[in-house]
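Report on the structure given below.
The values are calculated or read from the model by the stated rules, or taken from the named source; none is laboratory data. For clarity, every value in this text was computed on a predicted model and none was experimentally measured. In this analysis, Cβ positions are derived from the backbone assuming ideal geometry, glycine residues included, and neighbour counts consider all displayed protein chains.
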Amino acid sequence: MSLVEILAIAVGLSMDAFAVSLGAGAADRAIGARATFRLSFHFGLFQCLMPIAGWLLGETIVSLVAAFDHWIALGLLALVGARMIRAGFAKNGEPWRGDPSRGLTLVVLAVATSIDALAVGLSLAMLGTAVWVPAVVIGLITGSLSVAGVRLGSRLGRAFGKRMEIAGGVVLIAIGLRILVEHLGG
């Protein structure tokens, strides 16, 4: 597998994490350098580990999970997205004060945005391709694009206010629906 192919796969896989990072930054939920680091580090880490897991597990586990992984991704992203939308519409106070760069929310988002990477790892195993270099490249690209997403989202959030929080929630749900449609249609 050439470096260009690995980069193309990495950018494609990182788009969901970029969009989630954009939404977190726009909603002003990932505040500061530490939050940006936590979010981008975990997104990159999970995107790196999932292809390795898929490669190691082979067809046994992946074939079992493939039947419903898209539903898991939709559910996780819709849950976080709905909470963001609800917070965006709140007039007095905020019903959700969650920081997507901490705790269970961070794990949920990292898993939801990296499930497709599991299938990539399986594909690499079937092609007889080593997984280590692609996994590291995928993780680094995802981490880098996540940092860019948080920073860009933060600027958009300052410019457009609570509307960006609603938009961020809608984007999360849309990503989940796109994953579902791709898996059901393809």
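One table, with the values for the structure above:
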item	result
The range 2-51: number of residues that are without any contact (Cβ under 8 Å) to a residue 60 or more places away in the chain and within 9 Å of residue 150 (Cα to Cα)	0
Residue in the range 170-179 that is in a helix (DSSP H, G or I), on the phi < 0 side of the Ramachandran plot and buried (at least 24 other Cβ atoms within 10 Å of the Cβ) present	yes
Matching entry among 117, 159 (being in a helix (DSSP H, G or I), touching a residue at least 24 places away in the same chain (Cβ under 8 Å) and among the hydrophobic types (A, V, I, L, M, F, W, C))	117
Every residue from the range 1-32 that is of a type outside the set (Asp, Glu), over 26 Å from residue 166 (Cβ atoms) and more than 11 Å from the chain's Cα centre (by Cα)	1, 2, 3, 4, 6, 7, 8, 9, 10, 11, 12
Some residue of the range 105-116 being touching a Lys or Arg at 6+ places or on another chain (Cβ under 8 Å) and at negative phi	yes
Unique residue being at pLDDT below 85 and either touching a Pro at 6+ places or on another chain (Cβ under 9 Å) or closer than 18 Å to residue 36 by Cα (or both) when the list is 168, 139	168
